[in-house]
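Comments concern the structure below.
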Amino acid sequence: MRRRRRLAAEFCARAWVCLALLLMAASANAAADGLDERLAACAACHGTHGEGVSGAEYVPHLAGKPAGYLLEQLKNFRDGRRVNAQMTWLVQFMDDAYMEEIAAFYAAQPPRTRAADTGASDLTAAMRATAEQRVTHGDAARNVPACSACHGSELSGLEPGIPALVGLPAEYLIAQLGNWRNGIRHATAPDCMGEIARSLAPEDIRAISVWLSQQSHADAQPPAPAGAFVLPRACGNLPHAEPAR
(Lines give C-alpha, C1' and ligand atoms only; values in the text may rest on other atoms or scores of the structure.)
Protein backbone atom coordinates (compact mmCIF):
# COMPACT_ATOMS: atom_id res chain seq x y z
CA MET A 1 0.00 0.00 0.00
CA ARG A 2 2.80 2.39 0.99
CA ARG A 3 4.70 1.49 -2.16
CA ARG A 4 1.65 2.33 -4.31
CA ARG A 5 1.27 5.67 -2.56
CA ARG A 6 4.97 6.41 -3.07
CA LEU A 7 4.75 5.51 -6.77
CA ALA A 8 1.61 7.60 -7.16
CA ALA A 9 3.31 10.57 -5.50
CA GLU A 10 6.36 10.18 -7.73
CA PHE A 11 4.10 9.94 -10.80
CA CYS A 12 2.24 13.13 -9.83
CA ALA A 13 5.51 14.95 -9.19
CA ARG A 14 6.84 13.92 -12.59
CA ALA A 15 3.56 14.94 -14.22
CA TRP A 16 3.75 18.40 -12.68
CA VAL A 17 7.35 18.75 -13.84
CA CYS A 18 6.35 17.72 -17.37
CA LEU A 19 3.42 20.15 -17.34
CA ALA A 20 5.65 22.98 -16.12
CA LEU A 21 8.16 22.24 -18.88
CA LEU A 22 5.40 22.22 -21.49
CA LEU A 23 4.05 25.55 -20.23
CA MET A 24 7.55 27.06 -20.28
CA ALA A 25 8.06 25.84 -23.83
CA ALA A 26 4.70 27.22 -24.91
CA SER A 27 5.52 30.57 -23.31
CA ALA A 28 8.89 30.68 -25.07
CA ASN A 29 7.26 29.89 -28.41
CA ALA A 30 4.67 32.60 -27.88
CA ALA A 31 7.39 35.14 -27.10
CA ALA A 32 9.34 34.09 -30.18
CA ASP A 33 6.17 34.38 -32.26
CA GLY A 34 5.70 38.07 -31.47
CA LEU A 35 3.20 40.15 -33.39
CA ASP A 36 5.97 41.98 -35.22
CA GLU A 37 7.19 38.65 -36.65
CA ARG A 38 3.69 37.68 -37.72
CA LEU A 39 3.38 41.01 -39.54
CA ALA A 40 6.25 40.31 -41.92
CA ALA A 41 3.88 40.53 -44.89
CA CYS A 42 2.80 44.00 -43.73
CA ALA A 43 6.42 45.07 -43.19
CA ALA A 44 7.30 44.32 -46.81
CA CYS A 45 5.16 47.26 -47.97
CA HIS A 46 4.65 49.43 -44.86
CA GLY A 47 8.01 49.02 -43.09
CA THR A 48 8.96 46.96 -40.03
CA HIS A 49 7.23 49.36 -37.66
CA GLY A 50 4.85 50.91 -40.16
CA GLU A 51 7.24 53.76 -40.89
CA GLY A 52 6.91 53.38 -44.64
CA VAL A 53 9.21 52.05 -47.33
CA SER A 54 11.36 54.18 -49.61
CA GLY A 55 10.06 54.31 -53.16
CA ALA A 56 6.57 53.01 -52.27
CA GLU A 57 4.59 55.76 -54.00
CA TYR A 58 1.18 54.16 -53.50
CA VAL A 59 1.62 52.74 -49.97
CA PRO A 60 1.03 54.79 -46.79
CA HIS A 61 2.92 54.71 -43.53
CA LEU A 62 0.96 53.34 -40.56
CA ALA A 63 3.15 54.30 -37.60
CA GLY A 64 1.48 56.41 -34.95
CA LYS A 65 -1.90 56.72 -36.65
CA PRO A 66 -4.95 56.40 -34.39
CA ALA A 67 -5.77 52.78 -33.61
CA GLY A 68 -9.45 53.43 -34.31
CA TYR A 69 -8.65 54.64 -37.81
CA LEU A 70 -6.32 51.71 -38.57
CA LEU A 71 -8.90 49.22 -37.30
CA GLU A 72 -11.61 50.79 -39.45
CA GLN A 73 -9.42 50.53 -42.56
CA LEU A 74 -8.63 46.86 -41.94
CA LYS A 75 -12.36 46.18 -41.63
CA ASN A 76 -13.01 48.18 -44.79
CA PHE A 77 -10.56 46.04 -46.77
CA ARG A 78 -12.05 42.85 -45.34
CA ASP A 79 -15.65 43.91 -45.87
CA GLY A 80 -15.25 45.42 -49.34
CA ARG A 81 -15.48 49.16 -48.63
CA ARG A 82 -11.87 49.58 -49.78
CA VAL A 83 -10.49 47.78 -52.81
CA ASN A 84 -6.94 46.46 -52.91
CA ALA A 85 -6.40 42.86 -53.98
CA GLN A 86 -3.30 42.33 -51.84
CA MET A 87 -4.80 43.84 -48.69
CA THR A 88 -8.06 41.97 -49.13
CA TRP A 89 -6.18 38.69 -49.51
CA LEU A 90 -4.23 39.34 -46.31
CA VAL A 91 -7.17 40.29 -44.09
CA GLN A 92 -10.15 38.41 -45.57
CA PHE A 93 -10.20 35.78 -42.80
CA MET A 94 -9.11 37.97 -39.86
CA ASP A 95 -11.52 38.48 -36.99
CA ASP A 96 -12.01 41.82 -35.26
CA ALA A 97 -9.86 40.84 -32.25
CA TYR A 98 -6.81 40.14 -34.40
CA MET A 99 -7.36 43.36 -36.34
CA GLU A 100 -7.53 45.29 -33.06
CA GLU A 101 -4.16 43.79 -32.08
CA ILE A 102 -2.61 44.84 -35.38
CA ALA A 103 -4.06 48.36 -35.16
CA ALA A 104 -2.82 48.79 -31.58
CA PHE A 105 0.68 47.65 -32.59
CA TYR A 106 1.07 50.24 -35.34
CA ALA A 107 -0.65 53.00 -33.36
CA ALA A 108 1.93 52.54 -30.59
CA GLN A 109 4.88 53.14 -32.94
CA PRO A 110 6.56 56.59 -33.17
CA PRO A 111 4.55 58.66 -35.67
CA ARG A 112 6.05 59.14 -39.12
CA THR A 113 5.96 62.91 -39.63
CA ARG A 114 8.84 63.60 -42.01
CA ALA A 115 8.06 64.57 -45.59
CA ALA A 116 7.43 61.65 -47.93
CA ASP A 117 8.91 63.34 -50.99
CA THR A 118 9.65 66.89 -52.08
CA GLY A 119 7.65 67.00 -55.31
CA ALA A 120 9.31 70.39 -55.85
CA SER A 121 9.44 70.04 -59.62
CA ASP A 122 5.68 69.34 -59.74
CA LEU A 123 4.51 72.14 -57.45
CA THR A 124 4.21 75.48 -59.24
CA ALA A 125 3.61 78.75 -57.43
CA ALA A 126 -0.06 78.66 -58.50
CA MET A 127 -0.47 75.09 -57.24
CA ARG A 128 1.15 76.00 -53.94
CA ALA A 129 -1.22 78.93 -53.45
CA THR A 130 -4.23 76.75 -54.25
CA ALA A 131 -3.10 73.98 -51.92
CA GLU A 132 -2.43 76.29 -49.00
CA GLN A 133 -5.82 77.93 -49.47
CA ARG A 134 -7.67 74.60 -49.53
CA VAL A 135 -5.72 73.09 -46.64
CA THR A 136 -6.10 76.06 -44.30
CA HIS A 137 -9.37 77.64 -45.43
CA GLY A 138 -11.19 75.13 -47.66
CA ASP A 139 -13.39 76.15 -50.58
CA ALA A 140 -16.61 77.79 -49.43
CA ALA A 141 -18.00 77.98 -52.97
CA ARG A 142 -17.89 74.18 -53.20
CA ASN A 143 -18.80 73.59 -49.53
CA VAL A 144 -15.39 72.00 -48.90
CA PRO A 145 -14.00 72.45 -45.37
CA ALA A 146 -10.32 73.04 -44.75
CA CYS A 147 -8.19 69.89 -44.44
CA SER A 148 -6.92 71.29 -41.14
CA ALA A 149 -10.47 71.53 -39.79
CA CYS A 150 -10.60 67.72 -39.58
CA HIS A 151 -6.95 66.62 -39.60
CA GLY A 152 -5.72 69.32 -37.20
CA SER A 153 -3.71 72.49 -37.59
CA GLU A 154 -0.55 70.34 -37.62
CA LEU A 155 -2.18 67.85 -40.02
CA SER A 156 -1.21 65.13 -37.57
CA GLY A 157 -4.72 63.69 -37.13
CA LEU A 158 -7.18 63.39 -34.27
CA GLU A 159 -7.91 60.50 -31.92
CA PRO A 160 -9.64 58.15 -32.28
CA GLY A 161 -10.35 58.08 -36.01
CA ILE A 162 -8.73 60.85 -38.11
CA PRO A 163 -5.33 60.03 -39.66
CA ALA A 164 -2.32 62.28 -40.15
CA LEU A 165 -1.77 63.71 -43.62
CA VAL A 166 1.91 64.61 -43.21
CA GLY A 167 4.43 62.10 -44.52
CA LEU A 168 2.16 60.52 -47.13
CA PRO A 169 3.36 60.08 -50.73
CA ALA A 170 1.72 62.41 -53.25
CA GLU A 171 0.68 59.59 -55.58
CA TYR A 172 -0.97 57.72 -52.70
CA LEU A 173 -3.00 60.80 -51.77
CA ILE A 174 -4.00 61.39 -55.39
CA ALA A 175 -5.05 57.76 -55.76
CA GLN A 176 -7.16 57.77 -52.58
CA LEU A 177 -8.91 61.05 -53.36
CA GLY A 178 -9.57 59.68 -56.85
CA ASN A 179 -10.97 56.45 -55.39
CA TRP A 180 -13.33 58.39 -53.14
CA ARG A 181 -14.31 60.66 -56.01
CA ASN A 182 -15.06 57.70 -58.29
CA GLY A 183 -16.89 55.64 -55.66
CA ILE A 184 -14.21 52.94 -55.38
CA ARG A 185 -13.39 53.72 -51.75
CA HIS A 186 -16.09 54.05 -49.09
CA ALA A 187 -16.24 54.62 -45.36
CA THR A 188 -18.87 54.30 -42.66
CA ALA A 189 -21.79 56.61 -43.45
CA PRO A 190 -21.89 59.51 -43.53
CA ASP A 191 -18.82 59.21 -45.75
CA CYS A 192 -17.46 62.75 -45.37
CA MET A 193 -14.31 62.12 -47.42
CA GLY A 194 -16.36 60.80 -50.31
CA GLU A 195 -18.46 63.97 -50.21
CA ILE A 196 -15.37 66.19 -50.05
CA ALA A 197 -13.48 64.39 -52.82
CA ARG A 198 -16.47 64.67 -55.15
CA SER A 199 -16.70 68.38 -54.40
CA LEU A 200 -13.03 69.16 -54.99
CA ALA A 201 -12.03 70.56 -58.35
CA PRO A 202 -9.98 67.86 -60.15
CA GLU A 203 -7.03 70.21 -60.60
CA ASP A 204 -7.00 70.89 -56.85
CA ILE A 205 -6.46 67.25 -55.97
CA ARG A 206 -2.91 67.12 -57.38
CA ALA A 207 -1.98 70.50 -55.93
CA ILE A 208 -3.17 69.51 -52.45
CA SER A 209 -1.56 66.05 -52.63
CA VAL A 210 1.86 67.27 -53.77
CA TRP A 211 1.84 70.07 -51.19
CA LEU A 212 0.90 67.69 -48.38
CA SER A 213 3.67 65.26 -49.36
CA GLN A 214 6.20 68.03 -48.67
CA GLN A 215 4.99 68.85 -45.16
CA SER A 216 7.09 67.70 -42.25
CA HIS A 217 7.57 68.01 -38.48
CA ALA A 218 11.02 68.01 -36.90
CA ASP A 219 9.81 65.67 -34.16
CA ALA A 220 7.28 62.84 -34.29
CA GLN A 221 3.95 64.61 -33.91
CA PRO A 222 1.20 62.41 -32.43
CA PRO A 223 -2.47 62.80 -33.31
CA ALA A 224 -4.34 65.40 -31.29
CA PRO A 225 -6.17 63.88 -28.31
CA ALA A 226 -9.85 63.10 -28.63
CA GLY A 227 -11.96 66.19 -28.05
CA ALA A 228 -9.14 68.63 -28.86
CA PHE A 229 -11.38 70.08 -31.56
CA VAL A 230 -14.75 69.30 -33.12
CA LEU A 231 -15.21 68.23 -36.73
CA PRO A 232 -17.12 70.74 -38.87
CA ARG A 233 -19.43 68.11 -40.37
CA ALA A 234 -20.72 64.60 -39.72
CA CYS A 235 -18.13 61.96 -40.50
CA GLY A 236 -18.84 58.30 -39.74
CA ASN A 237 -19.55 57.91 -36.03
CA LEU A 238 -17.09 60.61 -34.91
CA PRO A 239 -18.28 63.57 -32.80
CA HIS A 240 -19.01 66.66 -34.89
CA ALA A 241 -20.45 70.14 -34.62
CA GLU A 242 -24.23 70.36 -34.71
CA PRO A 243 -25.63 72.20 -37.74
CA ALA A 244 -26.72 75.77 -37.17
CA ARG A 245 -30.49 76.29 -36.67
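Just a few scattered comments:
- LEU165 in contact (Cβ under 8 Å) with a residue 60 or more places away in the chain, touching a Leu at 6+ places or on another chain (Cβ under 8 Å), assigned to a loop (DSSP other than H, G, I, E, B) and within 20 Å of PRO223 (Cα to Cα): no
- Some residue of segment 66-78 being over 17 Å from HIS186 (Cα atoms) and open to solvent by less than 60 Å² (accessible area, probe 1.4 Å): yes
- Being surrounded by fewer than 21 Cβ atoms within 10 Å (Cβ to Cβ) and at pLDDT below 90 is a property that holds for GLU242.
- For segment 194-239, the candidate set comprises residues that are among the polar types (S, T, N, Q) and open to solvent by 50 Å² or more (accessible area, probe 1.4 Å); within that set, the residue that is nearest to ALA115 (Cα to Cα) is SER216.
- Taking the criterion of being assigned to a loop (DSSP other than H, G, I, E, B), more than 20 Å from the chain's Cα centre (by Cα) and modelled with pLDDT of 90 or more, no residue of segment 206-228 qualifies.
- From the list VAL135, VAL166, VAL144, VAL91, the lone residue that is over 19 Å from GLU37 (Cα atoms) and touching a Phe, Trp or Tyr at 6+ places or on another chain (Cβ under 8 Å) is VAL135.
- Verdict on SER121 being outside any strand (DSSP E or B) and free of Cβ contacts under 8 Å to residues at least 24 places away in the same chain: yes
- Residues that are at pLDDT 90 or above and either surrounded by 15 or more Cβ atoms within 10 Å (Cβ to Cβ) or farther than 19 Å from THR88 by Cβ (or both), drawn from segment 23-51: LEU39, CYS42, ALA43, CYS45, HIS46, GLY47, THR48, HIS49, GLY50, GLU51
- Sole residue being without any contact (Cβ under 8 Å) to a residue 60 or more places away in the chain, over 19 Å from ALA241 (Cα atoms), among the aromatic types (Phe, Trp, Tyr) and in contact with a helix residue (DSSP H, G or I) (Cβ under 9 Å, 6 or more places away or on another chain), chosen from TRP211, TRP180: TRP180
- Residues considered: ALA164, ALA140, ALA146. Of these, the only one that is more than 17 Å from the chain's Cα centre (by Cα) and open to solvent by less than 20 Å² (accessible area, probe 1.4 Å) is ALA146.
The values are calculated or read from the model by the stated rules, or taken from the named source; none is laboratory data. Note that this is a predicted model, so its numbers are computed, not measured. Ideal geometry is used to build each Cβ from the backbone, glycine not excepted, and the neighbour counts take in all protein chains shown. With ligands, DNA and RNA removed, areas are computed over all heavy atoms of the protein, side chains included. Shrake-Rupley method; radii C 1.70, N 1.55, O 1.52, S 1.80 Å.
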